[in-house]
Amino acid sequence: MVANIKINEFVSISPAYLTEVNIQADFDDISKVEGYLPNHASQRALSEILVGIMPTSSKRVHLLTGQYGTGKSHFGLVLAALVRKLPTAQEVLNKIREKDEAVAKRVQRLLNGVQKYLVIVPDVHDYSQGFDRMLLTSLEDALHREQIEFRPQSHFREAERVINEWKRLSSTTAEDNPYQKLRAVLLAEQGWEIDMLIGQLRKYSEKAYAIFESAHRKVAYGASFQPNVKADPKEIYKQTIEHLKGTGEWEGIWLICDEFGQYLTRLAQDPHSDESLNIQQFAEYCKRSAEKQCHFTVIAHQSLADYAAGFRSEKDWEKISGRFIPDHSLENIGSGHEEIEIIETIILRNRETKKEIAWQEIMRHETVSMLSDATQNAGLFDIKDSSWFINKLLLGCFPLHPFTSYCLPWLARNLGQRERTLFTFFNDSSQTGLRQFIHDELLYQDNGQLNLYTVDRLIDYFEPSATAKIRDPRYKRIVAARHEALRQVGNSPFSQRIINTLTIFELVGSQNLPPTEGNLIIALHLDQSSTEEAKNLLTELSEEKKIVRRRTNGYYELRYRSEFDLQEAIREEKRRLRPTFDSVDALDSLPGFDEKTGPLLGESYKKKHFISREAVREIISPSSLANPNHFIQRIKGWYQPDRGKYEGDLLILYVLTEDTENIRTATNYATNEACKHPQLIIAVPKNPWPITEKLLQLQAMREIKNNSSSFPNMTDADKEELSQDIGDLQGDIDKELIEFLRADNFTWHCNGQITTNLSRGSEIDFISGLLTNIFNKTPQVEDDYIANILRGRDAQKRYRQEAITRLLEHQGHITIAMRGGSPEERIFRNCFKNTEVFELKADKGRYADFEVRDEWPKGSSLRDIWLLLHKHLRQQPDKVERFDKVISELLTPPYGLSHQLIEMVLAAFFRNHLDEYAFAEIKSHKQKTLDIIALDAQTISNIVSAPKNYALTFYEIHPSEKEYVNGMINTLIDNVDKTEEVGIWERGKEALQAWFTVLPTITIETGAFNNPHCHNLIKLFKDKAKTTDGKRLLKTYLPEALDVTLTSPPSDKELVEIIARFESCYEELTNYAESQARLTIKRLIECFGGSGATRDALRDSLQNWYANLSESQQLHVFSGNAGHLQNAINSEKDIDQRMLKELPIAMQLGDFKSWTESTTVDLYLEKVRVAKMEIENWQPSSPTVATKENGDTSAADETFSTEFISIKQQFRDVLSSVPIETAKQILRELLIELENG
């Protein structure tokens, strides 16, 4: 080891950072520019600012922000160097290119230009003169600095010109010498010489100008000074830029205003003052300067929004701040490594040969590798390269501890002041700064470790800043807590170091540097023996309540005090809660409790049966077992048809026992007969869990937090501490709960069986075994959707119902893809092909035809289900059976089927037997009202969901009976839908009823039939009591009506006879109405003097009769039945519609088919005959007509007939636009009016 020499022989502080940057003072300091290190934030800002150099850009106004020590002024100095195009700009460009090529290209574009910018940097002390004067005086200084002789025109310049003119033209006579008069006035009134006045005018002093105006009136015999121009800064800058561009050397002006916060504050307080308006107007001018570029860059500590806070609403401020947007923050906290590179440039390494040897030894020191690994593992920096931690972080920043290097930028940002920044820390020669540490300290500690500037030392330097921010609540509580902690630990240097390190961690407030035990130990930089001591001391300090340790995450914190007594408040709240406090309810209300006590999946059961069955877990009190019936009923509710989403198949009750007496009580209850159920598991702890007091404590704290407004002395810090205490206690309870629920902690009681030897985690296998025993008849159907009880929305119901529809339609074999295909095909394969319910009928390669077997084979996993269905649904013929019994049995153990699977097996079961069942919906349970329904996919779904509302009747049918019913149906084929969704007896009944329903009334009520059985059939079908049951109708009542006796089963002879007799009746009844229509038509033909018996003959008879009427009879509008007959004859509708429907209806007899008495035919014919005679016998009255002198009336008759026809046609034209019935009513009323005069 090298001699233990002082650190200052190895490192020193760079002279470039001995003083902070002042843009104006360091304007030409090359070393300052060359020493600049660009970071990500400054590169981003520079890139956006340089967009403004484009001639058409409006982005010429920018605000740079950052706390003390973030390099704002340094950035401004570098920006000035770049736009001035100093030789040092190339050095800056090279540094930027190493980090960001895109930004480097923009800088290169700037430097490639020929012209440069006139940089104006106002003196901060000139800000007090006012914004406009500051603009003008700083411009004057910049022009003078660059030796530019141009001076823009202004009233100040005009006043100076007049003074010089007076001097040139002055006479030798003192009385008439204006120059001498001016001098005398100035000396008398101001004590100024003329040169002093000119100097102030050149500095754009409004006071000097006012003095000159006053003196001018006295020198010029009362005449006022009238300059040709006024000094508007915008116009002066514009004139200057025009001159500069004219020289070919300059591109424009770049105004850089450092420490501009005082102006922004005024702007925020009163944006409409003259000063504020001047700033806004100048900013707007810069944005619009176009090719005559004027850039305005201001530097301040805060953003515009921060300055406006408390003065202006966000909406009002947006109107003003828009002139300065965007603002660019130069704070670069977070990336980490860029700040380290800055620190590395500040701390210079001694490159002497002898020192290099020592450096090599330092590099090999175990402290270096240990700290490198520890810092890398801590994740403080987003760097993965191990060499960076050694070369840059440890050796490059030596003698700073790596955690110190990390904390420094954060502290500078959070606590920085003008006197205490990142840079002043390095150059401060006081006992707390790094310079003094380097000067005083030796390379190694006494224990052989490298001597490093550790984190706790930072508090000595930054404490004044933290104290100065005492009004900031973020730091007030930290400073106060530190002082209190130091008071409590007393004269204990080790404890003080811990407190100070913890204080720095909290002042930094970085998520990357949590105050864990490990991080604190690393930050303290201890040897092995001291490390153990520090750990013990941390534990001791937290147990003595001098600091706080959060149990949830292991973080250490300072303890905060207030006037509010939290412990007393908790004690009082516990007293209030205790009488009604329930430990189980308190556990249930814990956040995350449901997750910790969530259901357990029977994993091995699932692997075997492909069904996810779970055990529901609950914590109960021992007294809950006194009456376990509600637990039993809850389990039964899981298997009701309307059970809703899946809850579980086993119920585990963990008994919360506070003491051994509770354990004895719980054990006694668990062994009682009332608690015995194969799906109820009672877990009794082997040892007590005294948790009530902690739960009560937690509940009390939560109540205080939720009602914090009731405690006026409670501060925000108190609330935060309370929240942390709640989190800690809740974390403790969570851990205890997890331990409590371990399987090996319990004696397991289930249906009289006791298990005491479960190991930790073995309850999964335990419940799988129980499930296997309970559900030993659950079929293996490898389809998650079909087999599992739904836990939410029935998302695939459509596919299931499509599959069921294909089963029930029975339209040929079921063809499915052997793999892949539609969702329905997947269901078919998983439910029926793989379970051998399907029988292969034809192999077509990728596809195959299948049919449901009549008997499901013994090897099928659904065999037991088929046997159960067969027992319930095919053993009691002709008896109405409700579905609730069979559905309930399928839902409950040992089957435990899902609704979906029950629907599928029902559809498959009924597929081949639909003819043998009648399905009904029970409309009224009291009255036992049944409505026969078709069996379809939705009906099956309804049956499974509400089986008590549905029933079926099984009809054991012989093939000959089937032949008989089908024969009947075939006879009625035109009157019935050939669907097979209902049983064959019901289909036969429906076919008969459908046929009988369409028979017209004239057939049913007036029939005089040749076949005597027709009357029997009509009587039968009128009797609703005999047509309700399809089987009884077809096997008993129908044969009786046809005088046929059917044996059971019927013989072929009987079938031939009954079908023949029915067909005879069917033909006569079906055609009776038509036969009566033909008879009526024949008699109508005879009535009108025609011959024949067809409808055409009737039409011809009517036309011939009407044609033989006189013209006046044809034209006359008849009323009553004669009118109805006249309308029928003139109608263009078919003959049946006119003569068998509309005319009898008009004559008050009704439609021909609705006649109920045979005499109605004769009555109708009589009414027609009378109406016919009325028309034939009518003669027109003799009208008064004009006659010729010779008595010839033929011409008059002709005129009358012509007029009559014309009037009649007019009536037709008018009435053609209204319905026929309306037209008739109009004509009737008109006739009545004419008859009444």
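All of the numbers you see were taken from the coordinates with simple rules; none came from a lab. Values in this document were obtained by computation on a predicted structure and should not be read as measured data. We place every Cβ from the backbone using ideal geometry, glycine too, and count neighbours over all the protein chains shown.
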Completion exercise
On the formula 1/(1 + (r/R0)^6), with r taken between the Cβ atoms of S224 and E291 and R0 of 51 Å, the FRET efficiency rounded to 0.05 is 0.85
Handout entry: Mean shadow area of the range 784-956 over all directions, Cα convex hull, nm²
Key = 10.4 nm²
Problem - Sorted largest first, extent of the range 545-676 alpha carbons per principal axis (Å) - result: 61, 35, 30
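Note down the magnitude of the dipole of the chain about its Cα centre, charges +1 on Lys and Arg C-beta and -1 on Asp and Glu C-beta and zero elsewhere, to the nearest 20 debye. Spell out each step's value before the answer.
On the way: 151 positive and 182 negative charges, 334 e Å.
The dipole of the chain has a size of about 1600 debye.
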Exercise for the section: Send over the Kirkwood Rh of the range 362-558, from the inverse of the averaged 1/r over different Cα pairs, rounded to one decimal Å. Expected result: 17.3 Å
Exercise for the section: Please work out the C-alpha center-to-center distance from the range 105-140 to the range 719-781 and express it in whole Å. Expected result: 75 Å
Practice task
Would you tally the net charge around I738, using a Cβ to Cβ cut-off of less than 12 Å, leaving I738 out, and scoring K and R as +1, D and E as -1?
Solution key: -1
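Once you have the Cα-Cα distance between S1110 and T756, take 0.36 nm times their residue separation minus that, and quote the gain in nm to one decimal.
Values: separation 354, 0.36 × 354 = 127.44 nm, distance 11.90 nm.
Difference between extended and current length: 115.5 nm.
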Problem - FRET E, pair E341, E720, Förster distance 35 Å, beta-carbon r, rounded to 0.05 - result: 0.45
Handout entry: Per-residue [θ]222 nm for the chain (sum of -39500 (n - 2.57) over DSSP H runs n ≥ 4, rounded to 500)
Key = -15500 deg cm²/dmol
Handout entry: Relative contact order (percent, whole number), the range 788-932, Cα cutoff 8 Å, 6+ residue spacing
Key = 22 percent
Completion exercise
Fewest to most Cβ atoms within 10 Å: L513, L1079 sort as L1079, L513
Handout entry: K384 paired with S1064, simple spin-label distance in nm, labels 7 Å along Cα-to-beta-carbon
Key = 10.2 nm
Practice task
Provide, in order from the shortest bin, the percent of all Cα-Cα pairs of the chain in each 10 Å bin, continuing until the bin that contains the maximum pair distance.
Solution key: 1, 6, 9, 9, 9, 9, 9, 9, 8, 7, 8, 7, 5, 3, 1, 0, 0, 0
Exercise for the section: Tabulate in residue order the Karplus-calculated ³J(HN,Hα) for the range 1212-1228, using 6.51 cos²θ - 1.76 cosθ + 1.60 with θ = phi - 60°, rounded to whole Hz; enter x for Gly and Pro. Expected result: 4, 4, 5, 7, 5, 8, 10, x, 4, 5, 5, 4, 4, 5, 4, 5, 4
Exercise for the section: Give me D for the range 1088-1177 in µm² s⁻¹, whole number, from Stokes-Einstein with Rh from the Kirkwood sum over alpha-carbon pairs, 20 °C and 1.002 mPa s. Expected result: 159 µm²/s
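Which of the GluC sites (Glu not before Pro) found in the range 899-975 are in a DSSP loop and have at most 15 neighbouring Cβ atoms, other than their own, within 10 Å?
Details: sites: E903, E916, E921, E956, E961, E963; in loops: E956.
The qualifying sites are E956.
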Handout entry: C-alpha center-to-center spacing [the range 504-522, the range 886-934] in angstrom
Key = 69 Å
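If you keep only loop residues by DSSP, which GluC sites (Glu not before Pro) in the range 563-656 have at most 15 other Cβ atoms within 10 Å of their Cβ?
Values: sites: E563, E568, E572, E573, E595, E603, E614, E618, E647; in loops: E563, E647.
Counting only loop positions with at most 15 other Cβ atoms within 10 Å, the GluC sites (Glu not before Pro) in the range 563-656 are E563.
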Exercise for the section: Among I652, I383, rank each residue by its count of other Cβ atoms within 10 Å, from fewest to most, as a rough exposure measure. Expected result: I383, I652
Exercise for the section: Note down the nm distance, to one decimal, between modelled labels 7 Å out along Cα→Cβ at K95 and at D274. Expected result: 4.4 nm
Problem - Long-range Cα-Cα pairs in the range 42-149 (distance over 22 Å), rounded percent - result: 39 percent
Exercise for the section: Note down the net charge around L538, summing +1 for each Lys or Arg and -1 for each Asp or Glu among other residues with Cβ under 9 Å from its Cβ. Expected result: 0
Problem - Nitroxide proxy distance, nm - points 7 Å out along Cα→Cβ at K694 and T1001 - result: 8.9 nm
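Give me T56, T503, T1036 sorted ascending by neighbouring Cβ count inside 10 Å, so fewest comes first. Don't skip to the end; give the middle numbers.
Values: T56 6, T503 26, T1036 13.
In increasing order of surrounding Cβ atoms, one gets T56, T1036, T503.
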Handout entry: Backbone N under 18 Å from the V1170 label point (7 Å along Cα→Cβ), restricted to the range 1080-1117
Key = 1084, 1087-1088
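Using 1/(1 + (r/R0)^6) with R0 = 51 angstrom and r between the beta carbons of E1132 and K1019, what's the FRET efficiency to the nearest 0.05?
Details: r = 42 Å, r/R0 = 0.83.
Efficiency computed from Cβ-Cβ geometry: 0.75.
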Handout entry: Amide H partners (placed H, <5 Å) of K116, local residues excluded
Key = W250, E251
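Taking 8 Å as the Cα distance limit and 6 or more residues as the minimum spacing, I'd like the relative contact order of the range 1088-1177 as a percentage.
Values: 66 pairs, mean separation 24.0, N = 90.
RCO, the range 1088-1177: 27 percent.
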Handout entry: Cβ-based net charge around L867, under 13 Å, with every Lys or Arg adding one and every Asp or Glu removing one
Key = +2
Fill in the blank from the handout: For the chain, longest principal axis from Cα atoms; helix 959-971 axis from its Cα atoms; angle between them, nearest 10 degrees, is 90 degrees
Fill in the blank from the handout: Here the relative contact order (percent) of the chain, from C-alpha pairs under 8 Å and at least 6 apart, is 7 percent
